[in-house]
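Following: one structure in structure tokens, then a few remarks.
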Amino acid sequence: MHLDTDDPLFMADLCRAFLFALPDGVMVCSAAGKCLWATEAAARFLGMPHESLRHLHLGEIGALKGSQLAAQGDETMRTGQPCHWEASLAPTNNGSLLLDFRLSRAELLGEPVLIVLISDIGERCREQAATRASVERYRMLVDATSDLIYSYDTALTLTGINRPAARTLGLEPAEAVGRPLGELGFPEPTLSLWKRMTEAVLSSREATREVVEAVMPDGQTYAYETVLQPVLDGSGCVIGCRGASRDVSGMKRVETELRQSEERFRGIFEQGSVGIALIGTDQSLVRANSAFCEMLGYEENELLGKTVADITATEDVQPSLEGSRALYSGERSSLTIEKRYRRKDGGLIWGHLSASLVRGDDGQPFGSVAMVQDITSRKQVEESLRLAEFSVDHAGLAIFWSDPQGRFLSVNDYLCRRLGYSREELLGMTVAEVDPVAPKPWRDHWLELREKGSITFESLMRTRSGEEFPIEGTGNYVEFAGKEYNFGFAVDISERKKAQEALRESEELFRQSHKMEAIGQLAGGIAHDFNNLLTAIIGYSDLVLTSGDSDIESLRSDVREIKAAAGRASDLTRQILAFSRRQALQPEVVSLNDVVSGTERLLGRTLGETIELVTLLRPDLGLVEVDRSQFEQVLMNLVVNARDAMPGGGRLTIETANVELDEKSCRAYMGTDPGPYVLLAVSDTGTGMDEDTRSRAFEPFFTTKEPGRGTGLGLSTVYGIVKQSCGSVYVHSELGRGTTLRVYLPRVDQPKKRRATALRASDSVVGNETILLVEDEAAVRELSTRVLTRLGYHVVAAANGDDAIVILENEDHPYDMLLTDVVLPGTMQGNEVARAARLLNPDLPVLYMSGYTRDAIVHAGRLDEGVNYLEKPFTPDRLAQRVREVLDSRHGAQEAADPF
């Protein structure tokens, strides 16, 4: 076939074929907008049959009715300017189409026509929208991811960055792009890191993955998992890098924590105090920690392979296996029981078991982990508590709790039984209702209980029947759970009271018996010694009376023996008075160091050459108030007693010290109050004493010495003088090791001032004053009168106080002194005579004489202040001296006021 391309028909057919082959629709319209010709594609786009489209005006086409296309066509024909219009049409049976109408003016066969080109741009728009959406999604994903995504060129200048990455720099993405990495605040170590990684990628042209730690611009160090890959241009040249960094700091921390957790678990398993064991599905032990092994007394290799039943008490095997079956079957998520385990040595212990399944990756259990805590002690405590509860209810005393108002909150069975009430009845009552004669009202009792915490008292309880019985009650203040309680006990002391009464009667009988025994011993000792002395006195007196005209020297010798015997009798009575604390002391404030030092030479001569004397005197020793002469006698008695305990020689130590006695010490030294004391200790290295001898050391006339070597009054005298001086004496001795006697005397702060009535020694004892003598003993009265008369005094004597007062009232001559016995017969004692005499003559000096003062002029063993005293028996010289001293005191010192 030959085609003539120059043939006009060929060109017309070619154009028609081309137009119909186009995917776009073509319409040719007249200048008035009527369709002259259209392709089938145009009819399809507009949803009309091809034949129906011709001759229709643009505004009449159904899909275009009401549109701007007709107006746009008129505008194009008028101006000749092409026009573009897009519209979404819904032609029949074609669905919704997005069409692009392009209108242009042309001439066809010399006539102006409107060419309308219709293109379906829906697919293209959808593709563009999809592309834009894809780009936006990518951008959003890139920005939404926590990863840092970025790109930069070979000069390390950012060419792209997502928002998270820009945020780490404190910038927006647009602010960061185009800036070199060196200007973004990275410290030098981080820049060096990026340069190193970049050089590796650029040189290898391969991607790299690395976890790096980088210091960011905020100064914090982060761990990043970084992927860096080269960027190639179209020619394959490397033009930069793109990278993604993921913050794995948290992951690193998690890994660290996981590792630490694993280490902790391993530590807990291996070193934990709770027993842990891994148990297989066949109930055999797979692993066991040291605590579990130690609990059961096994080594781990001995336990492995044993079953749970092997280490469980026989009675507890079945419940344990049933619990395991319930755990594996899913009936229970965990197993918690208390059971008994059998140790290797056969003993049983209690354990608290907590078990849970261990599952594999497939979710199936491959065993269980058991944690066992030894609760044997707790079980024992629980058993003890049960026994305690039983004991409380069956105790032989009342136990109860009450509130601050005294209402019973809890009572034991004993209290219910003893009072005859039911528990319910007692719980509605108060303590006061069963204790009607309590020492204090309940409110006062409660306040005292709160203050002291615990109080003990005696009272009575009344039973339901009205019977009353004595009790010893104890209340204890308790705070528990924010509330206050009284936790009380009450013991029925009826039998104790009966026993105490019987004991009191027995003790009274014993005391009477002991007193009679002591009196008998004392009387026997006095009788023995006085009979010896009286024998000498009577015997020598008879010799004098029957001597006839014997030699005067022989008579003098006999009289001297009589006087010596009387002197020994005087010493004996003085010792007896010292023991009985009835002698009159004249105390002064002294240092015991001075007493020891003043008698040291005499003591040395007393001890002899075979005994070493050691003195340990404290330099800053406190002062004491004692009768110095009496205390020198105490020291001498202690030294002599120690000397006699060392017949073969030894060492005697005298020590002084300041001591503080507390209540505990005072209980050891009976009759001593806590406080500051001065200690005098005399220790020897002699034979010592057994306990029986030590306990009787201070008894009068008790001695372990050979006959003739002691009276048995030495330590008794020490005891009496020390006690009368408000002190205490204690003996410590061990048989064969020696003895120490400790004397404790109260410490005084300041020396006493000398008495204003201190008497001066008189060179002459004669006088011419008038003296009223009051003495009931005729021999003493006659002796005193004769002695004083010989010395020049005028003496008027009276046998009792009443006679003395009569003499004073009836005599006009004033008396210069009253010399009176303390103990007188009749209604008036010596001090009362002195008081009456001073009513008549306030300045009358008084001199008391007595062998036993009672409490007339001596109180607490000490002479009253300002009292002049002459102790019986006395010699004529001593009487003369004391009378002269008292009379002379009127001129040397102001007489003290009447102490009565």
Quote to one decimal, in nm, the extra length available between Val659 and Arg790 on full extension: 0.36 nm per residue of separation minus the C-alpha distance between them. 41.7 nm
I need to check one value: relative contact order of the stretch 770-892, counting alpha carbon pairs closer than 8 Å and at least 6 residues apart, in percent. 23
Over the C-alpha atoms of the stretch 127-248, what are the Rg and the largest Cα-to-Cα span, Dmax, in Å? 14.6, 47
Proxy exposure order for Asp310, Asp812 (fewest C-beta within 10 Å first) is Asp812, Asp310
Along Cα→Cβ, 7 Å out, is where each label goes; now give me the distance between the ones at Thr606 and Arg628 in nm to one decimal. 1.7
Convex hull over the alpha-carbon atoms of the stretch 294-349: what's its volume per residue in Å³? 90
Quick check on the exposure proxy: order Thr672, Thr693 from fewest to most C-beta atoms within 10 angstrom. Thr693, Thr672
Förster radius 25 Å - calculated FRET efficiency between Arg132 and Trp37, Cβ distance, rounded to 0.05: 0.10
Full-extension gain in nm, Glu257 to Cys237, via 0.36 nm per residue minus C-alpha separation: 2.7 nm
Starting from the exponent 0.38 and prefactor 2.2 Å, build the expected Rg for the stretch 395-492 from its residue count and divide its actual Cα Rg by it. 0.99
Counting pairs of Cα atoms in the stretch 272-380, how many percent are more than 22 Å apart? 24
Can you sort Phe874, Phe469, Phe45 so the residue with the fewest Cβ neighbours within 10 Å comes first? Phe469, Phe874, Phe45
Over the stretch 349-391: Rg over Rh, Cα atoms, Kirkwood Rh: 1.37
Calculate, in whole percent, how much of the Cα-Cα pair population of the stretch 442-491 lies beyond 12 Å. 66
List every residue whose amide H lies under 5 Å from the amide H of Asn868, counting only residues 5 or more places away in sequence or on a different chain, with H placed 1.01 Å from N in the peptide plane. Tyr848
Alpha-carbon centroids, the stretch 460-484 and the stretch 606-655: separation in whole Å: 58
What is the Cα radius of gyration of the stretch 317-386 over 2.2 N^0.38 Å, N being its residue count? 1.32
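Rounded to a whole number of µm²/s, how large is the Stokes-Einstein D of the stretch 338-477 at 37 °C and 0.692 mPa s, given Rh as the Kirkwood radius over C-alpha pairs?
170
Which whole number of Å³ per residue matches the convex hull of the alpha-carbon atoms in the stretch 770-892?
105
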Given a Förster distance of 56 angstrom, what is the FRET efficiency for Arg196 paired with Glu479, based on the Cβ-Cβ distance and rounded to 0.05? 0.20
Could you work out how far the C-alpha centroid of the stretch 793-852 sits from that of the stretch 769-788, in angstrom? 12
Output the relative contact order of the stretch 395-492, whole-number percent, from Cα pairs under 8 angstrom with separation of 6+ residues. 30
Taking the convex hull of the Cα atoms, report for the stretch 21-77 its projected area averaged over all directions, in nm². 3.6
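On a full-extension model of 0.36 nm per residue, what is the gain between Ala499 and Val589, subtracting their alpha-carbon distance, rounded to one decimal in nm?
Using 0.36 nm per residue and subtracting the Cα-Cα distance, I get 27.5 nm.
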Say each of Leu616 and Thr875 gets a label point 7 Å from the Cα, pointing the same way as Cα to Cβ; how far apart are those two points in nm? 4.1
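The numbers here are math on the coordinates, done by the rules we state, and not lab data. The model shown is predicted, which means the values in this text are computed figures rather than measured ones. With ideal geometry, Cβ positions are generated from the backbone for all residues, glycine too; neighbour counts draw on all protein chains shown.
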